[in-house]
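A.B. asks: Pasting in a structure now, in structure tokens, and then I'll have a few things to ask.
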Amino acid sequence: MGFPFEENESGRGSHDVDAIAKYLMTKNPIVETSEGGSVLLSECIDASKGKEDGEALLSDVLAAFLKDSGEETSFYRALARHLMRQARTGVREEFAEIRKGGVGAMIAYLRDRNPVIQLPEGQMGELIGEHLKDPEHLREVGGQYARMLDFYDAKSHNEAGVARIAGALRYFLEGRENTYNSDASFYRFLAERFLGELPPENRRMLDLGCGNAAQKLAEWDTLVDNNGLRSLGIDGSTTFALRNAAETQNIAVGAIDAETSELRRQVGEALNSQFGIVLANLVLDRVADPTQLIRNMNAFLVPGGKAVLGCLLPNTGEDDEQLPDPLQHIVYTPTENRVTEGKHPYSDAKQIRKHIEAELGVKVKVIRQPYHWKSSGGEGVYDKHFIFEWTKPKEV
């Protein structure tokens, strides 16, 4: 089936959003049989109108529809991807607008959204309501969040401090839109790989940069038969970390690349113990101080415990998207703090391995392990995902 509109020099149709919308509403094979399909398509069209790239984005939906118009699922996926791109565009625009006010404006925005504060509908929405079920837990997390922001504020005089604040703001906005979901299969992979090597008396996991993995951590405890012990996730974004955590209460808020003593101060009593396995996945390029993150991983391990660092390579330490507005672009890791050159996956893998071994005096094993990701915009596989694993030496 050909593209039903004349294409311009860029390969895009020379039509507008209304023309595409009319065509899709006429040809949509699920409109008559699925009320949900009609609603989703209408939302997709409404989201495109008034946007500078609305025609281009909706053209992608149309192209996917035409490519395989006989399958409902492909059309649903195309719509979902479109809505996700709209959400991310909105996040980037909102982020840039707040960032215009400088560090003070970013800190103020985050302080005003401490999860212990009841916010108007639409800012945190149902997420706040979930966690007001347990006021004591909410106060605990709110205190952690406040201490983390105090740390950000105190360190905001240098490039690394500004990077932390910008990253925290960006991921607060991303988490609000639920643009990423931790994949349970990765935790199952870790259980299968390490169960026989973990200390039997302590298989608790500490997940640094856990995202919205509350339920996955609870499932980990069941998978490894954790003797009633509870694993813990720490993340700097309340909108990611608190999602689905009302029942599990296994999530804390903190800056995972802060000095070890400072991170203990932010999180409190939950970090006054050690863990059989410490995970940090997809975060090395999203922190201001990767070396301190690596130190923290080792510090919270029991002797004989396993550390697992997962990275997408090459690792650049900044957004990989080419964005037209420089205010939307973030350098998460200042150049002087980076542990890789960010040019090639295998050279980066070698640099990370050598850096960990030199820093901690351990032997590091490297494997390439594809990582399956999911979001409300679809799912896929990160093929260039590498795992760096080491064992903390037992005390003599």
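What follows is calculated from the coordinates using simple rules that are stated; it is not laboratory data. These numbers come from a predicted model, not from an experiment. All Cβ positions, even for glycine, are placed from backbone atoms using ideal geometry, and neighbour counts span all protein chains on display.
A.B. asks: If packing is taken as the average number of other Cβ atoms within 10 Å across a peptide's residues, how do 216-226, 186-196 rank, most packed first?
C.D. replies: The packing order, highest mean first, is 216-226, 186-196.
A.B. asks: Another question, if that's okay. With respect to the cross-link table entries 155/394; 155/384; 100/354; 350/394, which display a Cα-Cα separation exceeding 29 Å?
C.D. replies: Pairs exceeding the cut-off: 155/394; 155/384; 100/354.
A.B. asks: Considering just Cα atoms, how many Å³ per residue does the convex hull of the stretch 275-371 enclose?
C.D. replies: For the stretch 275-371, the hull spanned by Cα atoms encloses 110 Å³ per residue.
A.B. asks: Using Cβ contacts closer than 10 Å as the measure, can you line up 231, 156 from fewest to most?
C.D. replies: So the residues, fewest neighbours to most, are 156, 231.
A.B. asks: Further, regarding this structure: Given 10 °C and 1.306 mPa s, compute D for the stretch 160-236 with the Stokes-Einstein relation, Rh being the Kirkwood radius over Cα pairs; round to the nearest whole µm²/s.
C.D. replies: 115 µm²/s
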